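**Q** This is the structure I have questions about; it appears just below.
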Amino acid sequence: MGIIAKFFFIALIYIFVEVYIFVEVAFRIGFFYAFLLLIGFSIIGYIISKKIKSNSFQNSLIDFSNGKSPSKNLLKTASFFIAGLLFLMPGFLTDALAVLFLIPFLNYFLLYLIFKYFKNKFKNSFSYYGPNNTYTEDEETLKKNFIIFRKF
């Protein structure tokens, strides 16, 4: 199964699950209130995204200028950004995932899982050409070249 087929299959399952959850919620609380909930969560997502846009870069610069590592702030920003995007997407499943990204002790774990997945997914997908235009995958050579480039 190709990557495009997998993407469409996952997207189709996602749409069916979101529609099913929306129908169930609308059946229990009413269509109008379910629709208002979706609109409300989208507004929350917009507010979160706006707040992150203004604060995250400034906080990272302040941490960096004070000699601190901005990595914790950047991870927090990434977590809030993902939550904002999930809130903006219509559906109760994505809203539930967004709430998980807002919980302080879960957001780092979820980001760790995402980074670990992409690290394993793209582990052997990239190649590196060194300063002599020679292909290498040797980790020691990569470290040496990084140190050389860092000096400049």
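**Q** Applying a 10 Å radius around every beta-carbon, put 58-68, 95-105 in order of their mean neighbour count, most first. If you can, show how the numbers build up before the last one.
**A** Details: 58-68: 11.7, 95-105: 15.2.
Descending packing order for the listed peptides: 95-105, 58-68.
**Q** In whole Hz and in residue order, list the ³J(HN,Hα) couplings for the stretch 27-42 that follow from phi through the Karplus curve 6.51 cos²θ - 1.76 cosθ + 1.60, θ = phi - 60°; x for Gly and Pro.
**A** Per-residue couplings from phi come out as 5, 7, 10, x, 4, 4, 5, 5, 5, 5, 4, 4, 5, x, 5, 5 Hz.
**Q** Assuming R0 = 25 Å, can you tell me the calculated FRET efficiency for the pair F32 and L85, based on Cβ-Cβ distance, to the nearest 0.05? Mind showing how you got there, number by number?
**A** Values: r = 26 Å, r/R0 = 1.04.
Once the sixth-power term is evaluated, E becomes 0.45.
**Q** In nm, to one decimal, how far is the K116 label point from the K6 one, both placed 7 Å along Cα→Cβ?
**A** Result: 1.9 nm between the two label points.
**Q** For the stretch 34-118, what class follows from the C-alpha gyration tensor (a ≥ b ≥ c being the square roots of its eigenvalues): rounded when a/c is under 1.5, otherwise prolate if a/b is larger than b/c, else oblate? Before the final figure, lay out each step's value.
**A** On the way: a/c = 3.25, a/b = 1.62, b/c = 2.01.
Here the stretch 34-118 falls in the oblate category.
**Q** Could you count how many Lys pairs in the stretch 37-123 have their Cα atoms under 16 Å apart, skipping same-chain pairs fewer than 8 positions apart?
**A** Numbers: K50/K76; K51/K76; K53/K76; K68/K76.
Lysine pairs meeting both conditions in the stretch 37-123 amount to 4.
**Q** Here's another thing I want to ask about it. Place the peptides 2-12, 72-82 in order of packing, highest mean first, counting for every residue the other Cβ atoms within 10 Å and averaging per peptide.
**A** 72-82, 2-12
**Q** So if we plug the beta-carbon distance of N66 and F105 into 1/(1 + (r/R0)^6) with R0 = 22 Å, what FRET efficiency do we get, rounded to 0.05?
**A** Values: r = 25 Å, r/R0 = 1.16.
Step by step, r from the Cβ atoms, then E = 0.30.
Every number here is computed from the coordinates shown, using simple stated rules; none is lab data. Every value quoted in this text rests on a predicted model; they were computed, and no experiment measured them. Please note: Cβ atoms are built from the backbone with ideal geometry, for glycine as well, and neighbour counts cover all protein chains shown.
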